[in-house]
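See below for the structure under consideration.
The values are calculated or read from the model by the stated rules, or taken from the named source; none is laboratory data. Small disclaimer: the values here were computed from a predicted structure and weren't measured. Every residue, glycine as well, gets a Cβ built from its backbone with ideal geometry; the counts of neighbours run over all protein chains shown. Just the protein is used for accessible areas: all its heavy atoms, side chains included, with ligands, DNA and RNA removed. Shrake-Rupley method; radii C 1.70, N 1.55, O 1.52, S 1.80 Å.
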Amino acid sequence: MPIPNKTVIELLKKSKKLDAEQLASLRDEARNPKADIKELAIKKNLTTETELTKLYAEEINIPFVDIDVKGLDKEVLKQLPENIAKLYKMVVFDGKTDSKKEPRQVAMLDPDDLQAIDVLHKLFGQSVKIYIATKFNILTALDLYRGNIGSEISKIATEDEDEDEDEEVSEEDIAEDSPIAQTVNLIIEYAIKSGASDIHIEPREKYVLIRYRVDGVLKEANRLPKKTLAALVSRIKILSNLKIDEKRAPQDGRFKINLNGRIFAFRVSTLPISEGEKVVMRVLDESSEPLSLEKLGFWGTALQHINDASKQPHGMILVTGPTGSGKSTTLHSILHILNKPDVNISTIEDPVEYRLEGVNQTQVNPVAGMTFVSGLRALLRQDPNIIMVGEIRDSETARLGVQAALTGHLVFSTLHTNNAATSLPRLLDMSIEPFLIASVVRVIIGQRLVRRLLPEDCEEYAPDSIQRKEVERVFGLKSKGDWDEILRLLQDAQEAFGKTKTTKITFWRPKPNLKGEKTGYKGRMGIYEVLKNTSDIQKLIVSNGTSEEIQEIAIKEGMLTMQLDGLIKALLGMTSVEEILRVTRE
């Protein structure tokens, strides 16, 4: 969307989201003829592409549309030939193919492109309604012109299937234009488009298994001939700058790609197993904007406790949960909120998963002697206001973190424990004095990720007596008074999430007749418990209280456990009870 710099500044001024200092800074930047103020404003988190496009749509009196790519009918899309759609960056997203009266609804990147509009009129006559959409939305829709990527992977990888299996990998096998390189590109592309968080390339006795972790669940996608393994792994090692000839020891690397204007980083891990080398790639979207705490799923007193603790000038805020439970996402969302020009935020991470503009981020490198301990010592000499330590793994890191929190710094970190209450005894195990823990810890966030129900693929249902008794047993609902309390919390949550208030409790689940790859779920959300370190809990810590005693006091003081937070969200139709049980059952 080619918006002139002057127009961008005027739109941001009208939005009243920026103060006078920020606007003045942008005007200074605009004096540089090469500056792209739109990109700069987005990069500095002053606005988003969607917000800016909506403002521009109002300015030029063209309706804005956010295309539902998932529900887009391919027959409708293909009314516009692929070459024309990609050339002019426009998409037909509505309008029947057999109707001459019903207007074709077309989303464009640049509604002022007269040549593109002329092409539309030649194809469809005057029966065309123009909309404006974001670049990412249109490029994502254009990807639908392609066929099934999974079948393309199999096709390319099996082109030479009749050849004898050859363990040696030649330069031609892994060149940029080789079938193997194309296969790797398709595997990566498929992962991004399916929203996968991890890619698994696993050698088996007679084939190579490709699996993707989508919304926390591993799914098989393809089986490739075993003879492709060595070339596949070598190609990925080249991309990741790893040693091709080292096959007996694990290796770790990283590479980046640009797809549709978005930067994706891939964290690569290779591991020798009995059938060959296994590769796992973690997919990290570096272009994604940190979400607000409300969008992550925090609400009520939990949200209030985090906001209060984040405003403190010093202390420690801990996030706990197993690997892959979204701890880094939560921490980076909080840091994004605190990221102001007048504070110095420094982090030591392993690895740096999210890039934050204006934050000093350091990558752990044990080979070079950069560990969490040495990195944290160095950070303390860099005059920080806020410190984020990726993980507290040992007593020395814990001790330095506690000292930093005592000496006027706000410290964020993560721990690997089952819930919030067990984090406090875990710090005791790391030889931290009880009175220090009681003094510095402000709040502890325990969390898990659950799959989010799709509104169009879920249904309301009434559990039978057996199912209801199981819910009552698992969630500790022993009386009518407990259900009344759940209803009260449900109504509070409905208000917090902007949903219509109800006086009844409703259960939701995926529709049982879903076909194909549909599961009824799309994307993930967090369920949380936020333990505030109150005076009563501090007394328990000092007297070496157990995690059970701490949990009991926290619940009495109003803490919602992860399971109950999950149950409330399930009753809102955001997820299902089965999904809550899947991730929280011990």
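Here are a few things to note about the model shown:
- As a summary of the residue check, Ala57 satisfies the conditions (1) open to solvent by less than 90 Å² (accessible area, probe 1.4 Å); (2) out of contact with any Pro (no Cβ under 8 Å at 6 or more places or on another chain); (3) modelled with pLDDT of 85 or more except for the one numbered (2).
- Of the strands (runs of 3 or more DSSP E) that lie entirely inside the stretch 298-399, those containing 2 or more residues that are more than 14 Å from Ile445 (Cβ to Cβ) span 345-349, 360-363, 386-389.
- Just one of the numbered conditions (1) open to solvent by 30 Å² or more (accessible area, probe 1.4 Å); (2) within 30 Å of Thr575 (Cα to Cα) is not true of Leu331: (1).
- Scanning the stretch 134-147 for residues that are crowded, with 16+ Cβ neighbours inside 10 Å and acidic (Asp, Glu) turns up nothing.
- Candidate set from the stretch 274-290 (those that are modelled with pLDDT of 90 or more and part of a loop (DSSP other than H, G, I, E, B)); member that is most open to solvent (accessible area, probe 1.4 Å): Ser274
- Whenever a residue of the stretch 176-199 is under 17 Å from Tyr521 (Cα atoms), its partners that are open to solvent by 30 Å² or more (accessible area, probe 1.4 Å) and assigned to a helix (DSSP H, G or I), lying with C-beta atoms within less than 7 angstrom and at least six residues away or across chains, give the pairs Lys193/Asp143.
- Filtered residues of the stretch 436-453 (kept if among the hydrophobic types (A, V, I, L, M, F, W, C), in a helix (DSSP H, G or I) and under 24 Å from Gly558 (Cα atoms)): Ile437, Ala438, Val440
- Filtered by the rule that a residue be touching a residue at least 12 places away in the same chain (Cβ under 8 Å) and either of a type in the set (Asp, Glu) or farther than 26 Å from Leu139 by Cα (or both), the stretch 245-265 gives Lys247, Arg248, Ala249, Pro250, Gln251, Asp252, Gly253.
- Residue check: Glu456 meets all listed conditions (1) part of a helix (DSSP H, G or I); (2) more than 32 Å from the chain's Cα centre (by Cα) but one, namely (2).
- Test: Thr320 is polar (S, T, N, Q), open to solvent by less than 40 Å² (accessible area, probe 1.4 Å) and farther than 23 Å from Phe266 by Cα: yes
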